[in-house]
Amino acid sequence: MLAELASAVRDGRVSPTELVEESLRRIDATADLNAVVRVEAESALATAAAHDRSGPLAGIPLLVKDMTRVAGSVTTLGSRLHAEDPPDRVDDVVVARLRAAGAIVVGRTNSPEFAHTLVSHNSLHGPTLNPWNADASPGGSSGGSTAALAAGLAPLATTSDGGGSVRIPAAVCGLLGLKPTTGTVGRNLLPRWIEFSTQGATGRSVDDVLLELEVIAGPAPGDWTSVPPDTARTEPERPRRVLACRTFRADVDPVVEAAFEQALEVLRSDGLEVQRIDAPSSATELLNWFTISAAELAQSLADRRDDWDRLDTSTRQMVEFGDAITIGQYIEAQRSRHALGARFDELLGHDAVLVLPTVNVQWWPPMGPAPDSAGTATGDPTIAVNTPEINATGHPAASVPIGFGDTGVPIGLQVVAPRFRDGLALGVARVVERLRPWPTVAPGYEPFPVPD
C-alpha cells in the first residue's frame, strides 16, 4: 500500500495535501482510541503544500512514536518529567530518513513512560485502546503506533523495540512487525537501553515493511552497534528448516497454542520442513534482560533522582530495582547474554528460523497489569511474552498475524532468524500472507484509501 500511495502522489492522482487532510480527519474522528497524543496539523499541511511529490514515500502521512525526536515537535517520552520540554531541534535519524524519502509527519503516538512496559498508558496522556477490542491494550511500547495503523489513521507509523515493543503491539493489533538485526538501523541518540533498543518496521503487509526498512536502514555516526549498508539480507527468502517451540515460558494459553499449531500446518502445506524443539530460553534469560534494562534505565535517570516520585508507579518500581543492582550482577547478566546469543547462533545456523507465539496470553487491559497466568501456570510475572531474549541476542525477529483470541484480539507468530538474515523471517511472513492473508484494519475501520 505504501508504494501504491507514493506512486499516486508522484503521478498526480492524489496530492500530499489530500492525504494529510484525510489522515487528520481520521485522527480527529477516532480520538477515543487515544492513539495519537499530539497532532502537528499546521506544520503537516504546510509541508504538504510545498511538497515536490518525489521520493519512495512521496506525500505519505507519518505518525511518530513519542519516544523519537522530531524537529519542531515536543517529545515527551510519555513522562510528566518531559511534558514541558521545548520542541526538538533535530530529528532522530529514522525520522530524518523517512522525511527525506517524502513522508510528512502529522502527529505523535502514545507510549508508556520511557517505553518500559507492555501497555501504552502513562499518567501524562492516559491509555491507548486496541481497535480490535476497546477493553484490551494494543500492547507496548509501540501500541499508539500500532493502534493507529490498525485503525487506518495513517499509512505509516514508527515503532521501536527494546524488549518486544515492535513485536508485541504488532501481534495484538494484527500487523506484521519486524525487529531488525541489531545495528541494521543506526541511531544518532543513544537509547536508554543501550544495546537492546532498535527502530523497527511495522505495517499491514510484507511489502510495506520492506519499503519502510529499506528507507530507515543504514549506519549512523557514533553508533558503534551499527553495521555497513546492505550487511543484513532483507529480501524475503525461504528458510531451509523451521524449528518450532511452543513457548519460552512455563506455559501458553490453549487458544494461542491452537493458533500456533494451525500456523505450523500452513507452513507445512507450503513444503517447509517443521521440526519440534525444546525451548532454547527460559525465564532466567528474561530476568537477565530485566536486570540489564532496569540498571540502564535507572542510570539514565540518575540526574533526575529528585523527580523519581513523579514517575508512574511501574516506572518508579523498575528504576528503584535497577538502582539497587550491583556492578557484579550487571556484568554477570551481560555474560549470560553472550552465552544465550551463542546458543541461538548455533541453533539457527545460517538458514533456519525459530517460530513460537509472540505472546503467550490472549489480551490484557489498556492500563494493565500484564497477565501472570497462561495455561496451567499461575502467579508467574514472566509469562506474558516471548520477546526480550531476542533483544539480548540481537537476532532479527518478526511477528506475523496468525489468528484471533476469544475476545477478537489478534494473535501473532514470532519468527526468529539468524543475525543479518532478516529476509528469512520475512520469507515465512510472506508464506503466511499468501496462504492465510490477514485483514489490513480492525473491524469498523476503513483502510487508508489508495486512488485508482
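Annotation: of all residues in the stretch 15-28 being touching a residue at least 24 places away in the same chain (Cβ under 8 Å) and surrounded by fewer than 21 Cβ atoms within 10 Å (Cβ to Cβ), the one that is farthest from A48 (Cα to Cα) is R26. Among the residues of this structure, A370 does not count as one that is touching a Lys or Arg at 6+ places or on another chain (Cβ under 9 Å), touching a residue at least 24 places away in the same chain (Cβ under 8 Å), among the small types (G, A, S) and outside any helix (DSSP H, G or I). Looking only at the stretch 403-418, residues that are assigned to a strand (DSSP E or B) and under 22 Å from A232 (Cβ atoms) come to 5 in all. Regarding the stretch 159-167, can at least one residue be identified that is farther than 20 Å from R69 by Cα, of a type in the set (S, T, N, Q), in contact with a strand residue (DSSP E or B) (Cβ under 8 Å, 6 or more places away or on another chain) and part of a loop (DSSP other than H, G, I, E, B)? For the stretch 159-167, residues farther than 20 Å from R69 by Cα, of a type in the set (S, T, N, Q), in contact with a strand residue (DSSP E or B) (Cβ under 8 Å, 6 or more places away or on another chain) and part of a loop (DSSP other than H, G, I, E, B): absent.
Of the candidates D91, D85, the single residue that is modelled with pLDDT of 95 or more, touching a helix residue (DSSP H, G or I) at 6+ places or on another chain (Cβ under 8 Å) and not hydrophobic (A, V, I, L, M, F, W, C) is D91.
Do we find that R53 is at pLDDT 95 or above, closer than 19 Å to L297 by Cβ, surrounded by fewer than 19 Cβ atoms within 10 Å (Cβ to Cβ) and in contact with a Lys or Arg (Cβ under 6 Å, 6 or more places away or on another chain) in this structure? Answer is no for this residue. If the condition is being touching a residue at least 60 places away in the same chain (Cβ under 8 Å), surrounded by 15 or more Cβ atoms within 10 Å (Cβ to Cβ) and small (G, A, S), then the stretch 328-360 contributes only A352. Checking the stated criteria, I325 turns out to be out of contact with any Phe, Trp or Tyr (no Cβ under 6 Å at 6 or more places or on another chain), outside any helix (DSSP H, G or I), aliphatic (A, V, I, L, M) and free of Cβ contacts under 8 Å to residues at least 40 places away in the same chain.
Restricting L211, L243, L190, L178 to those that are crowded, with 24+ Cβ neighbours inside 10 Å and hydrophobic (A, V, I, L, M, F, W, C) reduces the list to L178.
The values are calculated or read from the model by the stated rules, or taken from the named source; none is laboratory data. Everything numeric here is computed off the predicted structure, so don't read it as measured data. All Cβ positions, glycine included, derive from the backbone under ideal geometry; neighbour counts span all protein chains shown.
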